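Taking it in order: structure first as structure tokens, then the write-up.
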Amino acid sequence: FCPEKSDISWIDSKDERLLNWLLWRMQSRNEFIGGYNFPNKMHLDLYNFVVYMIDYSSTGLPDKLSALGEFRRDWSVIKAQDKFLKGWLDNKDEDQCAWLFEYCSKNNLRYASLRSSVRLASAVSAYEKQLYFLLQLDCSGLDDVSKRLLVQDLKRKWSRKVRSSKNDIVQLNLEVSAQIRDDIKRMAKEAGVPTAKFLEQLISKEKAFRQ
């Protein structure tokens, strides 16, 4: 009762967000979680684990295809709602990602699946923390209006936090060689952050190392 490859061609094997969401959706439906020996399949990567759950679900092919069609439509709605986040979320902004991650924790948001690639206790990088936040939104079931209002509220709170932090910023002029100046600019560009932010992060890491 396995679907054809064309039936799951919309599932991007590299899209961690989609794969995690699919696992969450399938976990909520008995026909996708009954009768498996999951521990023996934990070695599979995320995409192949999803395919395994689809192929070996206990339901018949017609119901399986119907569910996949439902999942695909729901995912299209979620992706369309990303317009509310466009131009605001930045997975290279460590402060923003950490703040959103903390928001999930304080608001008792707990995304979980049988085989998630990111968990609340283990998310470390800015990318993982932002992914976790996005999964909270994806699994929230909020309609367009509710999600737009939530994101607008988060944007306002983040803007206030940024403005507040800027009050603590002072200007610092340094005399360095042209080579050092160029090296700093290059490394900041490679890190994807402004020069001042790069120096601040570098000093913070050195300070933490010395402690």
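Which one of the conditions (1) open to solvent by less than 100 Å² (accessible area, probe 1.4 Å); (2) of a type outside the set (Phe, Trp, Tyr); (3) modelled with pLDDT under 85 does Ile180 fail to meet, given that it meets all the rest?
(3)
Evaluate the range 191-200: report whether one residue or more is open to solvent by 80 Å² or more (accessible area, probe 1.4 Å) and either in contact with a Pro (Cβ under 8 Å, 6 or more places away or on another chain) or modelled with pLDDT of 85 or more (or both).
no
Please work out if Lys157 is more than 23 Å from the chain's Cα centre (by Cα), farther than 30 Å from Arg25 by Cα and among the charged types (D, E, K, R). Even if it seems obvious, please write down each step before you answer.
Working: more than 23 Å from the chain's Cα centre (by Cα): no; farther than 30 Å from Arg25 by Cα: yes; among the charged types (D, E, K, R): yes.
Considered against the rule, which asks whether it is more than 23 Å from the chain's Cα centre (by Cα), farther than 30 Å from Arg25 by Cα and among the charged types (D, E, K, R), Lys157 comes out as no.
Take the residues in the range 94-141 that are more than 28 Å from Leu44 (Cα to Cα) and either modelled with pLDDT under 80 or touching a strand residue (DSSP E or B) at 6+ places or on another chain (Cβ under 7 Å) (or both); name whichever of them is most open to solvent (accessible area, probe 1.4 Å).
Checking each candidate, the answer is Lys106.
If I ask for residues that are modelled with pLDDT under 90, of a type in the set (Lys, Arg) and not in a loop (DSSP other than H, G, I, E, B), which ones from the range 63-93 would you list?
Lys64
Search the range 162-182 for residues that are over 24 Å from Leu89 (Cβ atoms) and pair each with any residue that is part of a loop (DSSP other than H, G, I, E, B) and at pLDDT 75 or above when their beta-carbon atoms are under 6 Å apart and the residues are at least 6 apart or on different chains.
Close Cβ pairs (under 6 Å, with a partner that is part of a loop (DSSP other than H, G, I, E, B) and at pLDDT 75 or above) do not exist here.
Assess whether Asp7 counts as being over 25 Å from Lys155 (Cα atoms), at pLDDT below 90 and of a type in the set (Asp, Glu).
no
Just to be sure I understand, how many residues within the range 42-62 are touching a helix residue (DSSP H, G or I) at 6+ places or on another chain (Cβ under 7 Å) and assigned to a loop (DSSP other than H, G, I, E, B)?
Looking only at that region, the number is 4.
The values are calculated or read from the model by the stated rules, or taken from the named source; none is laboratory data. Computed from a predicted model, the values in this text were never measured in an experiment. Every residue, glycine among them, receives a Cβ derived from its backbone with ideal geometry; neighbour counts consider all protein chains shown. Accessible surface areas use protein heavy atoms only, side chains included; no ligands, DNA or RNA. Shrake-Rupley method; radii C 1.70, N 1.55, O 1.52, S 1.80 Å.
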